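All remarks here apply to the structure that follows.
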Amino acid sequence: MTTTVVAEVLVEPQSNVTPVVMPETPVPVATDVTFRIRRYQPDFDEEPHWVDYTVALYPTDRVLTALEKIKGEQDGSLTFRRSCAHGVCGSDAMRINGRNRLACKTLVKDIDISKPITVEAIKGLPLEKDLVVDMEPFFAAYRQVLPFLMPEGHEPTKERIQSAEERARFDDTTKCILCAACTTSCPVFWTNEQYFGPAAIVAAHRFIFDSRDAGANARLEVLNDKEGVWRCRTTFNCTDACPRGIEITKAIAEVKQALIFRRI
Amino acid sequence: MSVETPGFSLRATPIGTLYRGGEGMWTWVLHRITGVSLFFFLFVHVLDTALVRVSPAAYDEIIATYKTPIVNLLEVGLVGAVLFHAFNGIRIILIDFWAKGPRYQRQMTWGIAAVWLLIMIPGFYFMTIHTIDALFGSTS
Ligand code: HEM
Ligand code: SF4
Ligand code: FES
């Protein structure tokens, strides 16, 4: 897919500087890539169905680029969410070749393009249109774990001091962007939308293990529910799906242990 | 959760493609299948064993019907299922309680597969050699 061009460097003859040879620069070439997208337009379609689109892409392009090209050049009705386009806002989690990924962080060179690339909405949340699902049940679970600092005592005049070790305990779970890739990769959630899901537990973990926070017991009580952490069957789909690389199953195990041993 | 979601009506999305989960998802599927199978086996096993107290003759009759090649294969399957379920059960316990468990879950899965094969390959021979002899004549 790439051709190679060797840059020629002209060196002044009188120069006493050693000639610089530029490294070989691969020049990317656009290739036709076929996307098989699961379309659903509630105004016209009874059922979701697959539609193929072919777009020319560079290896360094992202799946999001492809969706934007399809929407811009082939079918303006294609509906998906995106905002930042840089893996920060959490808008564009979708199922790419069967796995939950952010379209804006999935490069063409990292997927097998010899077959059509399947793109479909994340699973287990109500489908609204094409790749857009209703995120409300997901955010409802998030709100229930009290995802905000609940400090104790008087507000200090300066900052709330915390050691590096104390901070390290919940560092991993601060990285969440609420994309729902984890929760909608979970087989337990697919069949039981009452389950709080990994993302809500990640949010709870971020505060339960924060030394500045005093609300751990309230959050642990919420997650001790029969639809709470005990539903987790350690399938690791969430950990594999998280675009932030959060060790979600580990975080859930830590919350389970905090409940079993009543110790944080 | 506070959201009103009656049963499956939520899932307007017909299933789509199969989710391509990793080792963790498939060991979970196998763990559940073997667990439920073991439950049904034990259920029948308790019944047939209890029969010996009711009527030893009927018990002998039932046990005699088990001496077929098909039941022999089922026995191999049972041993395989118990072994997988037990080993994977230990893996899950380590994931839950050993701090490094979640990070090594994949390696533990392949470890289980190796030990399982190490036991099942000779196990298959010793468990079925009698049936094979009976079917195809003694090799000795
Ligand atoms: C040999 C010793 C056994 C060990 C070490 C063991 C271990 C475990 C563990 C740790 C779990 C929890 C799985 C999870 O958290 O996802 C489990 C689940 C289960 N076990 Fe066992 N088990 C054993 C024997 C049995 C037997 C004899 C039966 C059948 C009566 C059985 C049936 C089940 C079932 C139905 C589940 C639920 C599976 C699920 O929720 O997906 N287990 N086992
Ligand atoms: S934990 Fe990871 S996968 Fe889950 S919502 Fe947060 S960023 Fe997305
Ligand atoms: S568009 Fe913001 S995370 Fe992908």
### Query
Once you average over the residues of B:95-103, how many Cβ atoms of partner chains fall within 10 Å of each Cβ?
5
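Can you bin chain A into rounded, prolate or oblate? Criterion: square roots of the alpha carbon gyration tensor eigenvalues sorted a ≥ b ≥ c, rounded for a/c under 1.5, prolate for a/b above b/c, oblate for the rest.
Details: a/c = 2.75, a/b = 1.37, b/c = 2.00.
Taking the square roots of the gyration eigenvalues as a ≥ b ≥ c, chain A is oblate.
Rounded, prolate or oblate: pick one for the stretch A:117-197, where a ≥ b ≥ c are the square roots of the eigenvalues of its C-alpha gyration tensor, a/c under 1.5 means rounded, and failing that, prolate if a/b is larger than b/c, else oblate. Walk me through the intermediate numbers first.
Working: a/c = 2.94, a/b = 2.34, b/c = 1.25.
Prolate, because a/c is 1.5 or more and a/b exceeds b/c.
Ranked by Cβ crowding within 10 angstrom, fewest neighbours first, how are B:Leu78, A:Leu223, A:Leu78, B:Leu18 ordered? Can you show the working numbers first?
Working: B:Leu78 16, A:Leu223 24, A:Leu78 19, B:Leu18 7.
The fewest-first ordering by Cβ neighbours comes to B:Leu18, B:Leu78, A:Leu78, A:Leu223.
Taking R0 as 35 Å, what FRET efficiency do you get between B:Ile33 and B:Ile121 from their Cβ-Cβ distance, rounded to the nearest 0.05? Show your work: numbers first, answer last.
Working: r = 22 Å, r/R0 = 0.62.
In this case the efficiency is close to 0.95.
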### Message
Over chain B, with a Gaussian network built from C-alpha contacts below 10 Å, which listed residue (B:Phe84, B:Phe43, B:Phe124) shows the highest mean-square fluctuation?
### Response
B:Phe43
### Summary
Under 5 Å from the placed amide H of A:Arg99, counting only residues 5+ away or on other chains, we find B:Arg20
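So if R0 is 45 Å, what FRET efficiency would B:Ala114 and A:Thr174 give, r being the distance between their Cβ atoms, rounded to the nearest 0.05?
On the way: r = 38 Å, r/R0 = 0.84.
So, using R0 = 45 Å, E works out to roughly 0.75.
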### Task
Could you work out how far apart the two model spin labels at B:Arg103 and B:Val52 are, taking each label as a point 7 Å from the Cα in the direction of the beta carbon, and quote it in nm?
5.0
#### Entry: Per-residue [θ]222 nm for chain B (sum of -39500 (n - 2.57) over DSSP H runs n ≥ 4, rounded to 500)
-26000 deg cm²/dmol
### Query
So, counting K/R as plus one and D/E as minus one, what does the shell of residues with Cβ under 13 Å around A:Arg62 add up to?
+1
### Query
Suppose every K and R has +1 on its Cβ and every D and E has -1 on its Cβ; what is the size of the dipole of the protein assembly as shown about the Cα centre, in Debye to the nearest 20?
800
### Query
Which whole-Hz ³J(HN,Hα) couplings does the stretch B:78-89 yield from phi under the Karplus relation 6.51 cos²θ - 1.76 cosθ + 1.60, θ = phi - 60°, glycine and proline marked x?
4, 4, x, 5, 4, 4, 4, 4, 5, 5, 5, x
### Query
Expressed as a whole number of Å, what is the distance separating the alpha-carbon centroids of the stretch A:77-101 and the stretch A:125-154?
18
### Task
Could you sort out which of A:Lys69/A:Lys105; A:Lys105/A:Lys226; A:Lys105/A:Lys129; A:Lys69/A:Lys123; A:Lys123/A:Lys226; A:Lys69/A:Lys129 sit more than 27 Å apart by Cα distance in this structure?
A:Lys105/A:Lys226
### Summary
Whole-Hz Karplus couplings 3J(HN,Hα) for the stretch A:98-103, θ = phi - 60° and coefficients 6.51, -1.76, 1.60, Gly and Pro as x, run x, 10, 6, 8, 7, 4
### Query
How far is helix B:23-54 tilted, in degrees, relative to the longest principal axis of the Cα atoms in chain B, given as a value from 0 to 90 rounded to the nearest 10?
40
### Query
Taking the mean number of other Cβ atoms within 10 Å as a proxy for protection, how do you rank A:90-97, B:128-135 from highest to lowest?
A:90-97, B:128-135
### Summary
Taking a crude spin-label model, label points 7 Å out from Cα along the C-beta direction, the B:Val44 to A:Asp134 distance in nm is 4.5
### Message
Can you tell me which lysines have their Cα less than 16 Å from the Cα of A:Lys250? Leave out same-chain residues fewer than eight positions away.
### Response
A:Lys175, B:Lys100
### Message
Could you give each residue of the stretch A:151-156 its phi-based ³J(HN,Hα) in whole Hz, using Karplus coefficients 6.51, -1.76, 1.60 with θ = phi - 60°, and x for Gly or Pro?
### Response
x, 10, x, 6, 5, x
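Please give the calculated 222 nm ellipticity per residue for chain A, where each DSSP H segment of at least 4 residues contributes -39500 (n - 2.57) and the sum is spread over every residue; nearest 500 deg cm²/dmol? It would help to have the intermediate numbers written out before the result.
Numbers: 8 runs with 64 residues, N = 264.
Helix contribution divided over all residues of chain A: -6500 deg cm²/dmol.
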#### Entry: C-alpha center-to-center spacing [the stretch B:45-110, the stretch A:175-224] in angstrom
35
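The numbers here are math on the coordinates, done by the rules we state, and not lab data. Owing to the predicted nature of the structure, the values given are computational and were not obtained by experimental measurement. All Cβ positions, even for glycine, are placed from backbone atoms using ideal geometry, and neighbour counts span all protein chains on display.
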